[in-house]
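Undergrad: Encoded as structure tokens, here's the structure I'll be asking about.
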Amino acid sequence: MGKSYHMCLDVRGALTNWSDRNFRGVFTHDDGRKMTPAEAKSNLLDELSKGHEVIPCGKCDNFDFSGEGCLGHDA
Ligand SMILES: [Zn+2]
């Protein structure tokens, strides 16, 4: 049986390398509104402060936030 993996985002890498343009439209609030670049960066800083080096793209229930990312799901 194969495994599938979620894409993940390198939080520190995005904060270091992305310009405001890259942030636009990538992150949404819980209610679906798009975050502004400033809101998105603030959100990522919160993740780092929780020790989250990577965050999942999409819903993932088997995720290592400290850096490994998605640990895989039975396909
Ligand atoms: Zn996953």
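The values are calculated or read from the model by the stated rules, or taken from the named source; none is laboratory data. Being a predicted model, the structure only gives us computed values, none of them experimental. A quick note on method: Cβ atoms are made from the backbone with ideal geometry, for glycine too, and the neighbour counts reach across all protein chains shown. When the accessible area is computed, the model is the full protein with side chains, heavy atoms only, and any ligands, DNA or RNA have been set aside. Shrake-Rupley method; radii C 1.70, N 1.55, O 1.52, S 1.80 Å.
Undergrad: How high is the relative contact order of the stretch 3-74? Use alpha-carbon pairs under 8 Å, at least six apart in sequence, and give a whole percent.
TA: Working: 97 pairs, mean separation 29.9, N = 72.
RCO, the stretch 3-74: 41 percent.
Undergrad: Non-local amide H neighbours of LEU9 (under 5 Å, H modeled in plane, Pro and chain starts lacking H): which ones?
TA: So LEU9 has HN proximity to ILE55, CYS57.
Undergrad: Still on this model: Find the percent of Cα-Cα distances in the chain that exceed 15 Å, and round it to a whole number. All intermediate terms of the calculation are to be shown ahead of the outcome.
TA: On the way: 1601 of 2775 pairs.
Counting pairs separated by more than 15 Å, the tail of P(r) holds 58 percent.
Undergrad: Sum -39500 (n - 2.57) across every DSSP H segment of at least 4 residues in the chain, then divide by the residue count to get the 222 nm mean residue ellipticity, nearest 500.
TA: Details: 3 runs with 24 residues, N = 75.
After summing the helix terms and dividing by residue count, I get -8500 deg cm²/dmol.
Undergrad: Against the longest alpha carbon principal axis of the chain, how many degrees, from 0 to 90 and to the nearest 10, is the axis of helix 37-49 turned?
TA: Taking Cα atoms only, the helix is inclined about 50 degrees.
Undergrad: Which one of LYS50, LYS41, LYS59 has the biggest mean-square fluctuation once the chain is modelled by GNM with Cα springs under 10 Å?
TA: LYS59
Undergrad: For the chain, give the percent of accessible area contributed by carbon and sulfur heavy atoms, probe 1.4 Å, rounded to a whole number. Before the final figure, lay out the partial values.
TA: On the way: 2460 of 5140 Å².
Result for the chain: 48 percent of the exposed heavy-atom area is carbon or sulfur.
Undergrad: A follow-up question, please. Can you list residues whose amide H is under 5 Å from GLY69's amide H, if they're 5+ apart or on another chain and H is modeled 1.01 Å from N?
TA: ASP64
Undergrad: Do any GluC sites (Glu not before Pro) in the stretch 2-75 lie in a DSSP loop with no more than 15 other beta carbon atoms within 10 Å, and if so, which?
TA: Numbers: sites: GLU39, GLU47, GLU53, GLU68; in loops: GLU53, GLU68.
Here the GluC sites (Glu not before Pro) that fit, given the DSSP loop and packing criteria, are GLU68.
Undergrad: Please compute, for the alpha-carbon atoms of the stretch 8-47, the extent along each of the three principal axes and give them in descending order in Å.
TA: 26, 20, 17
Undergrad: On to the next question. Quote the accessible area belonging to ARG12 in square angstrom, nearest 10, computed with a 1.4 Å probe and with ligands, DNA and RNA left uncounted.
TA: The accessible area of ARG12 comes to roughly 120 Å².
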